[in-house]
Every structure is written in structure tokens, then in C-alpha cells.
Amino acid sequence: MWQSRVQDGSAYTQKVSVNTTDPMIGRLIDGRYQVRSRIARGGMATVYLATDLRLERRVAVKVMHGHLADDSQFKQRFIQEARSAARLAHPNVVNVFDQGQDADSAYLVMEYLPGITLRDLMQEYGALTSQQTIDITEAVLSGLAAAHKAGIVHRDLKPENVLLADDGRIKIGDFGLARAASANTATGAALLGTIAYLSPELVTRGIADTRSDIYAVGIMMFEMLTGEQPFKGEQPMQIAYQHANDTVPAPSNKNSKVPAELDELVMWATARDPEERPRDARAMLDQLHDTESLLSTALPTGSTATQRTMVLPAASTERFMPPAPGQTPRGATDETQIIDARPPSRNAVVSDSTAALTRVSQKRRGRGLALFLVVLLLAAAAGAAGWYFGAGPGSRVVIPASIVKMTPVDATAALTKLGLKVNPTRGQAYSVDVPTGAVAQTSPAIGQPVTKGAAVQLLLSQGPRPFDLPTFVGQTEKDADALISTHWTAGTPIRQFDAKVPAGTVIDALDAKNTSLNGVATYGEKQPITLVISAGPLPGDLSGKSLTDATAELKGIGLTVSGTVDVFSQDVPKGAVVGLVTTKADGSPLTIRTGDLVQLQTSKGKEQVAVPNVVGKKWSDAKKALTDAGFKIQFANDGGLSQALAPFPGVKVTSIAPNAGNVVDKGSTVTVSLGT
């Protein structure tokens, strides 16, 4: 459907716009990528259409905004996008070809896809058909399954990041917020991703895993089927609150044409509890295939379904008659016989067996009546017991697990609705998963059956159980890991260069918010601790080396050269490396860790300065002017007269060499003659 939409020249995610005022238009990036036009602009970067001059192909180049160049967090996220996408080789994921640094801006080179986004498609057509929704969702889940298999959580799935190419291909792009998948991948203090597609656990706890991506897919399916999002609000926090506290309605409530099978799939994917969703994209993709097969198969109705044919055994009245001497009883054969529906003859009925049959019939009727009375009494007893234990005084209620993580007010309302009383006095309990102040447990315990009207006490979460923190600083990495394993979870260690701390020694320990734990007395159970380990000193012998050699040496220790800073040097030849930039602009020390982007100082040669005119000035003023200009001073060879006059006030400079105005190397020596 979207192929006809993109024949007007749209590209990548939007129509290509020619902006002649953009300084990037026409620029050659890294000597290879010729920028042609601007495609799109976002909060972190701008995407351009460019030509790869080396391979002669069109590409999309994503350039980070210049004002973010000094923000290491944005730059790291930018590089993370390249690494995440480069690990995936799948037809439903946008390919990343290259990544680099040009001047002050980092850039990514990606596959160029002429087409539109899923957002463009929905804005033009509104609600999509069930089959169109299934086709697009199948492609999204296929690419997402490859990401989940590679251990990557996208964390920013939305229609703007689903690209519909004009040749029919469907791809996922923009892995800028992707992280390695784990049981709980923390997003940090601020929520990342688009608020309309954030899962409840991302809103309430800032935690994302593969099931958070599934929630976003479910919201996109709802939007494709109905033409609108399930939750709306004037402020982003209103929408976030609905995601955290409300259940996504069935799409058929908005669009009666949506089949029940797709309703169930959307509601499964958007369950508020992550445990009730598909575990990853592969699990949901398999179910989508089953749903598609079910929708394409016509099932027989109850009126047309055939019944199984039943074969009845032979039933002749003669089988009940006693056999004549020497004859085999009729009816004793195993053969199937046709039912004889004719009434028995009078002669056959009037026989010696009549009395015996009558007695047997009477006995059977007697036993049947007794059995009926027993059944009637048992049914009455069962009904009475059922009433007593089901709706009467003896009924019991199981304390539901659904009240976990509820606020005390909501949990009280839920338990009261079940016929239980809630103790106004609230206890406390430690919990790793339940936010502080929410219901973590009850007394009696959750899941335990209690009598209706029984009192239940709510136990509110105090957060994780605190344990005393040992001193990590100064420990070896192995010893520190052993200490962490006692009560906490070890994060991926950070290697930091430090000339004062031996390599392999702990410099610091960080909490979940990357705040130092040095001096902290206690820390919650199972919370992450990230060790900062010394990587030893930085290389100090870069002076005088070529830029190529110095870059290779730094790469060998895990550092990437992102640019150079030209400085004057009296000792290093022009073009050679002076050293590594180790201080910030304000002169404070720069923390450098493995994997960081660093800059090198390259020599501009010796600095040339003009000799200031100090002839006729007081010696004290002249001396300061020459020293501030970077010159060395010596007295003239006048028999020691100038040196003897220097301490006296009122002495002035009578001559200098070189003469004033001459341009010489900074740091040169100026000869001064003094006189009265």
C-alpha cells in the first residue's frame, strides 16, 4: 500500500529537503562522503543524503549536532547506536556502514532507504486493515527478534523508527537508545524513548528488557488497527500515568472490524505485568504466525459439522428367551445385528421365563429407588457444604498477588471488595523489586486462603534490605568482586588511567546512578555496584611521534583519537605530536577511561613574537614587559655597568638587541643596556 505513497521522491524517513543555508550541504565528510541534501533533523542529530565517493553509492549520513560535541554522554550514545546496529545483519534492520569523527562532530553512515515511515503511512491512511497490520508487525518482529537474539534491547520502538521502503522492504532503524539486554536494564535517572510507547516498568522503575520492546510493538499494533493511540493526555506525565496504571483496551472497542484473535494478541503484548507478556520478539512472532493462519482458515459451523456414526449391537427380543436344549443362545454372538423394531409375539412372551423376568425387574426397581435416594441425600449435603464454604460463613478467599506494587489505598480497596478487612496499622518489609511505599507483602501471606471477613495487614516496601558496605578502594579487582558477590550485583567494570594507582587496583565503586559509594555506610541488597579499576598510567612518550604512530599506540590501550589540537612548541617539530590532551578547558584534570575518545596536541612549530619597544622606560617596567612577552633577559657587555645600575630607582633602558619590532622566536634572549 505504501509503494504508491513514496513515488513523489520521499527518502529515508521524510521527503528530502534542499536547504541551501545548511553549512553541511556540499561538504565533503572525512574525505569520502559528499553531502547532497538534508533528509531529516532530530533532537540529537541531522540526517543527510550523501554520496560515498569511494564505493559510488548513495548513503544516509547521520551527523551529531555541534552543540552536543562536548557532551560525552550524547557522544557515547551516538557511538552506541553504530555498535548496536552493526552487530545485526538482518533484512529488517537498517544497515550501518561506517562511523567516525569529522572536525567536532561524530557521524554514522547508514543504508539509504527511499520511502516513508510507518507514522507517515498512518497519518495519510488512518487505521490499517488487519492483514496490513499483520504484514508490518511480522517484519518489525523479525528484525526485533534478531536484536533480542543478539542481546540488544531497542528501547525506542515507535512508528517514526519503522521505515517502509518504496520497494516493499520494512526495516527498523534508530538504535540510539539501545542497550545490552539483561534481566533488568536500567535507563538511568531520566526516562528515555517516546512517552506514548513506554512500558509500565519503564515509567515506574526505569527498567527495560526485551518485554519492554514487546509492549511498544503492542501499542503500535493498536495504533495501526484503530488509527489512534490507546492513551491520550495534554501533558506527557498524564500519558505516562495511564501506561503505568491502566490496561490497554481491546482494539475492537475502537474499530469493530478488528477480529478477536488480534484483540487477544494486542492485549497479550501490552499486559501491565511484564511476566504476562511474550518473553521476546521470537515468541510473539511465532504466535503472530499462528494467528495469521487461524484468520485465513474457514472453520465449520455447528450446524454443518457432522456427527460420528454409531453402530448399535443386535437387540432382538428373542435374545432374552431361554435356549432350547442343544442350541446356542441367540444374541450370544459378537456379530453386529440389525435392530428388530417389531413387537414380540404373544407366544414368545408367555413362557416359563415370565416370572423370572418379573422378579429381576422388581429387584432392579428397588435398587434404583434406593440409589436415587442416596444420590439425592449426597446432592443436598454437597449443596449445603458448597453454600457454607462458597458464600456462607465458612467461605474462604485467597489473598491475590495482584495487590503487590499497589499503593496502600488501591490495595485496601481491592481487599475490601473481596470481603476482607484491612488492618489500619501497616507493617514493613524489604523488597528488591517493589518501589518504596508500595505493597510488598501481607500478613497472612499473599496466596494464602483466609476466611471471609478476616483481617489482613499490609506490609509496605522499604526498598532492598541494606547491608554494610566494605571499603572497595585499594582492593584488587578479584578481592572486590568477591566482596560484591556476598550481597550485591557486579556491573561491568570501568578501566580508568591513573598514574598514582597501580594497575588492577580499585579506584572507586559506583552505584546504579554512577554515584560514588566511597564513604557510604550501607547499600541495598542485589543493587548494582560498578568498580572503577586503575589501568595504570597513560603513555608518556608520545612527544615527537607522528600522528599515525601515536594514534596506533593509543588504540592499542583502548583509546580512540577523535581529533587534534594545534599548539606552539619550542622543542617539537611542526606537524609532530606534542602529547595527549589531559586537562579540560578550565585547567582541571581530565578523567580518561578505556573506550574514551581523546585528542592529541600537534605542534605548530615555534611561536614568533615581536620585541616590545622598552627603550626609555624604567627598568622595572621594561623588565616586566619583556618577561610577559616570553623573552629571556641579559645585560649588555658594558663592563658590568648595566648590572650595577639595575637596583637603583629611576634607571632606564638606553638600548636593546634585537631592536624593538623585530619578530623572533618566543623565548629568545634580549640584551639590555641601562643608564640614568
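Data for the structure
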{"read-out": "Net lengthening on full extension, Ile25/Arg41 (0.36 nm per residue, minus Cα-Cα)", "value": "4.4 nm"}
{"read-out": "Footprinting exposure proxy for Glu223, Glu275, Glu292, Glu261 (fewest neighbouring C-beta atoms within 10 Å first)", "value": "Glu275, Glu261, Glu292, Glu223"}
{"read-out": "Nonlocal amide H pairs with Gly667, under 5 Å, H built at 1.01 Å", "value": "Phe631, Lys632"}
{"read-out": "Filtered trypsin sites (Lys or Arg not before Pro), the range 227-283: DSSP coil and at most 13 other beta carbons within 10 Å", "value": "Lys232, Lys257"}
{"read-out": "Per-residue HN-Hα couplings for the range 448-465 [Karplus 6.51, -1.76, 1.60; θ = phi - 60°; Hz; x = Gly/Pro]", "value": "8, x, 9, 5, 4, x, 5, 8, 10, 9, 7, 10, 8, 6, 9, x, x, 5"}
{"read-out": "Least to most buried among Val153, Val422 (fewest other Cβ within 10 Å first)", "value": "Val422, Val153"}
{"read-out": "Sites Ala401 and Lys526 - FRET efficiency at Förster radius 25 Å, r taken between beta-carbons, to 0.05", "value": "0.75"}
{"read-out": "Residue list for the range 499-539, given a label point 7 angstrom along the Cα-to-Cβ vector of Asp468 and an amide N cut-off under 12 Å", "value": "521-522"}
{"read-out": "Over the range 392-457, relative contact order from alpha-carbon pairs under 8 Å, at least 6 apart, %", "value": "51 percent"}
{"read-out": "Other-chain or far-sequence residues with amide H under 5 Å of Gln601's (modelled H)", "value": "Val565, Val578, Gly579, Leu580, Val581"}
{"read-out": "Model label zone, Thr416; criterion: amide N under 16 Å from point 7 Å along Cα-to-beta-carbon; scope the range 433-467", "value": "453-458"}
{"read-out": "Ala445 versus Thr676: modelled label distance in nm, points set 7 Å from Cα along the beta carbon direction", "value": "10.5 nm"}
{"read-out": "Extension reserve of the Asp586-Asp541 stretch, reckoned as 0.36 nm per residue once the Cα distance is removed", "value": "13.7 nm"}
{"read-out": "Derived scalar couplings ³J(HN,Hα) [the range 213-229; Karplus, 6.51 cos²θ - 1.76 cosθ + 1.60; whole Hz; x for Gly, Pro]", "value": "4, 4, 4, 4, 4, x, 5, 5, 4, 4, 5, 5, 6, 10, x, 8, 7"}
{"read-out": "Integer Hz, Karplus 6.51/-1.76/1.60 couplings in order for the range 108-120, x for Gly and Pro", "value": "10, 10, 10, 4, 8, 10, x, x, 10, 9, 4, 4, 4"}
{"read-out": "Projected label distance in nm at Lys624 and Ala657, using a 7 Å step from Cα toward the beta-carbon", "value": "2.9 nm"}
{"read-out": "Extension reserve of the Asp479-Glu261 stretch, reckoned as 0.36 nm per residue once the Cα distance is removed", "value": "73.0 nm"}
{"read-out": "Positive dipole terminus of the range 608-675, leading residue within Ser668, Trp619, Ile633 (C-beta point charges)", "value": "Trp619"}
{"read-out": "Order of Tyr430, Tyr215 under a 10 Å beta carbon neighbour criterion, fewest first", "value": "Tyr430, Tyr215"}
{"read-out": "Label-point separation, Gln132 to Ala610 (7 Å along Cα→Cβ), nm", "value": "7.3 nm"}
{"read-out": "FRET efficiency estimate (nearest 0.05) - Cβ-Cβ, Thr548 to Thr515, R0 41 angstrom", "value": "0.55"}
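Where a number appears in this text, it was derived from the coordinates with a stated rule and is not lab data. These figures come from a predicted structure and were not determined experimentally. Every residue, glycine among them, receives a Cβ derived from its backbone with ideal geometry; neighbour counts consider all protein chains shown.
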